[in-house]
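Since every read-out is calculated from the coordinates, none of them should be taken as a lab result. Everything numeric here is computed off the predicted structure, so don't read it as measured data. Every residue, glycine among them, receives a Cβ derived from its backbone with ideal geometry; neighbour counts consider all protein chains shown.
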Amino acid sequence: MTTLAEKAVSSLRDRLAGRLVTPEDSDDEQVRSLRNGAIDHRPALFARCASPEDVATALAFARGDGPDALRVIGDLVPRLPRDTGALMGVGLTAPPEPFVPEEHQGKLGHALIVAGFGTDEEHAEAVAPLADGVPTLFELRTPVPYTGLQCMLDASAPAGILSYDKGLTYSDLNDEVIGLLSEYVPRKTSPMSFCPTFHLGGAYTDPDEDATAFSGLREPMYVMSCSAMSPDPEVLTTDTAWARALWTELTPHAANIGGYVDFMVEIEEDRVRRSYGPEKYDRLARIKADRHRPARPRRP
């Protein structure tokens, strides 16, 4: 084995009632031809499942370190310094960019961007717990100008791209949320589709709830969008259904299904009201109506 640890494979074999086929087995080519047909993706293992429990075990193994990575991130991000922010790229397909090693380009995983205004040493200390978590495929640490930070993700949504967003907020990355994300992420079709997730904390929690138009309770939370993107209309249709299904599954765990209005492609009246809260929504509607009310004509 060159890509999977012997210990992990042995543990999987012990937990299956069915049979685990590896490239070293004499019938590997026969099983491979039955499974792949004309297209061989060269999987490292085949699990010939004998029960529903085998299927669940094999799927959990295939997802690898993804759930553990989300748990590590969910523990780290809320404890970052106040002058440091984070964006989670949940279910991100590694792009063909120079900072991504060629062997990892196109791989599905989770990304974490951490940016702050401190020194190199302070940044290293802030992200140090990641080294004690799951192994990372690659990482990049570099100073970046503020203007560079503002536009660093522009290439992920180029002009003319087709997209669909449906967002919500939740208080923490609990096991139920992580389980659903781990289940749905491999189902996406477009490499551009993913779930951008922001953690709101620090200065966000300082103002009173009624002090600004933005709502969602002034307490630490995650704001996530189930985001489908593709230049191909058919692929977008497929991933729009994927995004809607994931959103629906996540709603029982949401703090607010209204979410961030910029993550709202379909303007649903009830969700817009939930985003602001009924009292604030009515107040903002009155202010907007007053500002745009036509002036009475004056008599000469």
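The table below lists the values:
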{"item": "Arg244/Ala213 FRET efficiency (R0 35 Å; Cβ-Cβ; nearest 0.05)", "result": "0.80"}
{"item": "Note, ³J(HN,Hα) from phi for region 133-150, Karplus 6.51, -1.76, 1.60, rounded to Hz, x at Gly and Pro", "result": "x, 6, x, 9, 6, 6, 8, 9, 10, 7, x, 9, x, 4, 5, x, 4, 5"}
{"item": "For region 267-284, 3J(HN,Hα) per residue [Karplus equation, 6.51 cos²θ - 1.76 cosθ + 1.60, θ = phi - 60°, Hz, x = Gly/Pro]", "result": "7, 9, 3, 5, 6, 4, 4, 5, 4, 9, x, x, 5, 5, 4, 4, 5, 5"}
{"item": "For region 171-300: rounded, prolate or oblate by the Cα gyration tensor [a/c cutoff 1.5]", "result": "oblate"}
{"item": "Candidates per trypsin sites (Lys or Arg not before Pro) in region 139-244, loop by DSSP, up to 13 other Cβ within 10 Å", "result": "Arg141"}
{"item": "Under the Karplus curve 6.51 cos²θ - 1.76 cosθ + 1.60, θ = phi - 60°, whole-Hz ³J(HN,Hα) for region 245-256, x wherever Gly or Pro sits", "result": "5, 4, 4, 4, 5, 7, 4, x, 9, 7, 7, 7"}
{"item": "Residues whose placed amide H lies under 5 Å from that of Lys107, excluding near-sequence neighbours", "result": "Ala94"}
